[in-house]
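First up is the structure itself, then whatever we jot down about it.
The values are calculated or read from the model by the stated rules, or taken from the named source; none is laboratory data. Keep in mind it's a predicted model, so treat the numbers as computed, not measured. All Cβ positions, even for glycine, are placed from backbone atoms using ideal geometry, and neighbour counts span all protein chains on display. Note: areas computed on protein heavy atoms with side chains; ligands, DNA, RNA excluded. Shrake-Rupley method; radii C 1.70, N 1.55, O 1.52, S 1.80 Å.
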Amino acid sequence: MLPYREFQAVVLAGGGGSRMTELTHGQHKCLLPIGNVPMVWYPLQLLERVGFKEAIVIVSENMENNVSFALSNLNLKIKTDIVAIEDAEDLGTADSIRLIHEKIHTDFIVISCDLITNVDIREIINLYRKHNASITALMLPVPKVPDDLVTPGPKSKQKPETDLIGISNETGRLIFLASASDFEETINISQTLLKKHPSFTIHSKLMDAHLYVINKWVLDFLVHNKNFTTLKGELLPYIVSKQFSKPSKQCLDDKNTSIVRVNLKEDIYRFATEKPLDELIRKMSAYNDHSTDLEDAYHGDIIRCYAYIDSEKFGLRANTIQMYHLANTKISEWWSNDDSELSFIPSISSMATVHSTQMQDCCVGSNALIHDKTSLKHSHIGSNAVVQSKTRISQSIIMENVIIKQRCVIHNCILCNGCVIEEGTELKDCVVGPQHVVTSGSQHSREVLTDEDKLIEI
């Protein structure tokens, strides 16, 4: 395929994983394994399979070397430009994009490193192209968690945040975006919105997937307006709301006014300008995106946001322990039903040493050592892990350099990098933190086993 010369791609991989600190202490979120490949592999592979030849990967300064090394071992064809930003894990997504704006010269795609999906990006791009949009966002059904899936760690009653996503039934315009937590009982809808889009649905079971196709003028606006720190929570809702406004009289009368002398946050139309040829084509065309009146296409709106909904493909954001665990549980099933390049990753690495004769639906990483008289079912065993004899492991994620000694029983657990499970230990529905040692003969259920100070963010 030819490279996309009209678009650049940006992968956001600098996040610190604040919702899953039990897993990310001592480990970069973007390198957490899903199906025994680092999480960041999935968005990069998604871009590669539709023809992208290059992608900018934003990371925090302290993870640059580790990410670079991990990517070099993933057999990806896409070229990655790793851009390290100081303290990126403490910055918002809009801040990160703003800091690398000099590298972005065209319209661009932004994708989060924790998005695991098989959606065809070309369909989202084509929707963006069709309407010469300002922003087009991917929306996916909220992942259904199986009733029998138990998330490792203590029971939690915390409910996931619900997005309220308003989409025009006739045009597909994204006309409303907010978090349900922002409202108590009622939602006020403007008269202008109702007049332009009388038929729309506000969805509460769709997920903003953190994949956006963004017009270059939006980046220019963001660079000059430092009030926005996040894309999903701040910039995107603002752009969506501005679709129903009009350029100020000052903006229309004086295009040459210095942008330094105007309120940039309010005067978005100094950046959202339509090219003369695009305006001429729109006015000469018989195309209309709505049938409720004889007004111009798009009601003359220069700012236009769209939502692409795909209910046929799978997708989730692995940004909590529950979603991370679900991704690892389902990844083999998802990708075995999809014609993707994941098949190139062998279930058992040729560099692993496996003596067990009782293995079912497992992935084993390079240089792992599995002794005889062991039983492993529906589990992922990371690189350099050691599983000694007479040990049973089921439905678990074993990360790199983990040592599990003899006569252990591990069920539905996440064992983080470098932890040691001493002889005769029984673990059920537990998370064991990085480098932690679980004492021999102990029994634990629904616990997080780690040093307490490692769970405290300073």
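Values for this structure:
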{"read-out": "Prolate/oblate/rounded call for the range 1-121, Cα gyration tensor, a/c under 1.5 rounded", "value": "oblate"}
{"read-out": "Average accessible surface area per residue within the chain, 1.4 Å rolling probe, Å²", "value": "48 Å²"}
{"read-out": "Simple label model, 7 Å out from Cα along Cβ direction - His224 to Thr192, nm", "value": "2.0 nm"}
{"read-out": "Beta bridge orientation in the chain: antiparallel %, DSSP, nearest 5", "value": "30 percent"}
{"read-out": "Calculated FRET value between Gln358 and Asn62, using beta carbons and R₀ = 51 Å, to 0.05", "value": "0.80"}
{"read-out": "Förster-model FRET efficiency, 22 Å R0, Ser285 and Thr201, C-beta, rounded to 0.05", "value": "0.20"}
{"read-out": "Cα-centred dipole magnitude for the range 190-252, charges only on beta-carbon of K, R (+1) and D, E (-1), debye, nearest 20", "value": "240 debye"}
{"read-out": "Segment Arg129-Lys373, length gained on full extension (0.36 nm per residue, minus Cα span)", "value": "82.0 nm"}
{"read-out": "0 to 90° range, to nearest 10: angle between helix 321-336 axis and the chain longest Cα axis", "value": "90 degrees"}
{"read-out": "Chain lengthening between Asn75 and Ser366 when straightened (0.36 nm per residue, less Cα-Cα)", "value": "103.3 nm"}
{"read-out": "Rotationally averaged projected area of the chain (alpha carbon convex hull; nm²)", "value": "23.7 nm²"}
{"read-out": "Within the accessible area of the chain (1.4 Å probe), percent carbon and sulfur", "value": "47 percent"}
{"read-out": "For the range 82-181: rounded, prolate or oblate by the Cα gyration tensor [a/c cutoff 1.5]", "value": "oblate"}
{"read-out": "Amide hydrogen neighbours beyond the local backbone of Ile175, cut-off 5 Å, H modeled", "value": "Gly166, Ile167, Ser168"}
{"read-out": "Student exercise, the chain dipole from Lys, Arg, Asp, Glu Cβ charges, in Debye to nearest 20", "value": "500 debye"}
{"read-out": "Computed helical MRE - 222 nm, the chain, DSSP H runs ≥ 4 contributing -39500 (n - 2.57), nearest 500", "value": "-5500 deg cm²/dmol"}
{"read-out": "Built amide H within the under 5 Å cut-off of Val57, gap 5+", "value": "Val11, Asp81, Ile82, Val83"}
{"read-out": "Degrees separating the helix 121-131 axis from the principal Cα axis of the chain, which is the longest one", "value": "10 degrees"}
{"read-out": "Three-way shape label, the range 378-451, alpha-carbon gyration tensor, a/c 1.5", "value": "rounded"}
